[in-house]
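One structure below.
The values are calculated or read from the model by the stated rules, or taken from the named source; none is laboratory data. What you are looking at is a predicted structure, and each value in this text was computed from that prediction instead of being measured. FYI the Cβ positions are ideal-geometry reconstructions off the backbone, even for glycines, and counts take in every protein chain you see. Calculation scope for accessible area: heavy atoms of the full protein, side chains included, ligands and nucleic acids excluded. Shrake-Rupley method; radii C 1.70, N 1.55, O 1.52, S 1.80 Å.
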Amino acid sequence: MAHKISLTRYLVEQQRSDGSIPSQLRLLLEVVARACKSISQAVNKGALGGVLGSAESENVQGEVQKKLDIIANEVLIEANEWGGHLAAMASEEMDSIHLVPNRYPQGEYMLLFDPLDGSSNIDVNVSIGTIFSVLKKPENGHGQGVQESDFLQAGSKQVAAGYCIYGPQTTLVLTVGNGVAMFTLDREQGSFILTQENIQIPADTKEFAINMSNQRHWDAPVTRYIDECLAGKEGPRGKDFNMRWIASMVADVHRILMRGGIFLYPWDKREPEKAGKLRLMYEANPMSWIVEQAGGAATNGRQRILDLAPTKLHERVAVVLGSKNEVERVTGYHTTL
Ligand code: P6P
C-alpha cells in the first residue's frame, strides 16, 4: 500500500528538494494546520458545542460576529503567537494588527487570515473555511516593531497561501509557489494526508458562480458576460452554462479547483464607494495566488489581483477568478466596453 504522506512529511520533502520552505515557514504552516484541526473540531460539534448563533458583537467590517468567528480567531492567535516564527498577525475579525507579545520570540513572518469565511452558513450546516496568507516581515528600516504599513504588500509578495474547508471532509489546500497541494484530514490519525498535488484548473468551463440577486446593480461588462452565459447554446457562447453560488468563498473556490469554473464578486452600485465586498489581503490575495498556481487567473475585472498595491489592511476588492479563458473574457469586456 502506498505510504500516506502527511503534511509534515510533504513540507520536509519540499524543503529538502528545493529549499522553498525555510524551517520557520514549515513550522508556521504546521501550526496553522494544527489550528485548523481545532477549528474543524469546534465547527463539527455545532449545536452540541454551544457554538452556533451570533455573538453580541460586530467586527471591523460592521458585520455581526458569529460565536465561531471569535472562537476561530482566538484559536489561530493562541496557536501562532508563542512559536517564534511570527512577528505579527492580522485578521478579518480584528480592527488592527496583533503583535507577537515581547515575552515570546519574534519571527520573520506575518500571518493574515479570515478565521472563518462564509460564517453566514455556519448555522445552516453549509461548508465554511479558514483562509490564510503569509508575508515576510519587511526590513522596515524604521527600527521599530512591525506596523500596519508593513502588511501592505502586493499579493505577489506572499510566501505561502492556503485555506482549510470544513465540509463533508476537512481539507487543507496550500501553495508555497510550487503548485497547489491538497491534504485531507484523517481523523483517526489526527493528521492531514496528501490526497492531491499539482492541481490544475481547466482553462475553459461551463459553470459560473455569482450572486444573481445583485444583477440590477452590476456594471455593463458583468451584465454582458452573465447575459451571454444565460443565453446558452442559442447565444454568442454557443454552449449552455450551469450556475452555482454557495455564498462561501472557500467552498466556491474549492469547487473551481476541483472541476473548473469562474467566480465573480464584482463591484456593484449598492455601495459605489467600495471597490467590492471581498477583502484583498486575507481573501482575494491568498485565493488568487492559489488559483494562479493551479493554472487559473484572478483579476478585479481590470487588473491582476496579485499586482494590486494595498492602501489599507481591510481593503475591499472586486474579484473575478477561475478558469483562465473565462477570466480573460470578463476582463476583456471591462477594458473594451
Ligand atoms: P453574499 C462570506 O460572507 C463572503 O465573504 C464570501 O465567503 C462569499 O463569497 C460572499 O461573502 C457571499 O456574499 O453577498 O452572496 O452573501
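Of the residues that sit in the range 121-147 and are touching a Lys or Arg at 6+ places or on another chain (Cβ under 8 Å) and within 16 Å of the ligand (Cβ to nearest atom), which one is least open to solvent (accessible area, probe 1.4 Å)?
I122
When K45, K37 are checked against the criterion of being over 17 Å from L174 (Cα atoms), open to solvent by 30 Å² or more (accessible area, probe 1.4 Å) and at pLDDT 80 or above, a single residue qualifies: K45. Taken residue by residue, the range 151-159 has no member that is touching a Gly at 6+ places or on another chain (Cβ under 8 Å), assigned by TED's automatic domain parsing to the domain that holds Q24 and assigned to a strand (DSSP E or B).
Contact map, the range 3-29: residues that are exposed (fewer than 14 other Cβ atoms within 10 Å of the Cβ) paired with residues that are of a type in the set (A, V, I, L, M, F, W, C), Cβ distance under 7 Å, separation 6+ or inter-chain. Pairs shown: K4/I193.
Among the residues that make up the range 225-234, is at least one of them open to solvent by 20 Å² or more (accessible area, probe 1.4 Å) and under 29 Å from K45 (Cβ atoms)?
Within the range 225-234, none of the residues are open to solvent by 20 Å² or more (accessible area, probe 1.4 Å) and under 29 Å from K45 (Cβ atoms).
Across the range 261-275, a minimum of one residue is classified as open to solvent by 40 Å² or more (accessible area, probe 1.4 Å), modelled with pLDDT of 95 or more and closer than 23 Å to Q158 by Cα. Entry remark, the range 148-158: residues being open to solvent by 10 Å² or more (accessible area, probe 1.4 Å) and either small (G, A, S) or over 16 Å from P310 (Cβ atoms) (or both) number 3 in total. In the range 270-286, the count of residues that are among the aromatic types (F, W, Y) and under 21 Å from T205 (Cα atoms) is zero. Given the residues E188, E228, E234, which is the only one that is farther than 16 Å from L257 by Cβ, assigned by TED's automatic domain parsing to the domain that holds E108 and over 15 Å from the mean Cα position of the chain (by Cα)? Selected residue: E188, the only one of E188, E228, E234 that is farther than 16 Å from L257 by Cβ, assigned by TED's automatic domain parsing to the domain that holds E108 and over 15 Å from the mean Cα position of the chain (by Cα). Report whether or not P221 is in contact (Cβ under 8 Å) with a residue 40 or more places away in the chain and closer than 27 Å to G295 by Cβ. Taking the combined requirement at face value, the residue satisfies it. Only one of the numbered conditions (1) over 20 Å from T336 (Cα atoms); (2) within 15 Å of the ligand (Cβ to nearest atom); (3) open to solvent by 10 Å² or more (accessible area, probe 1.4 Å) is not met by V253, and that is (3).
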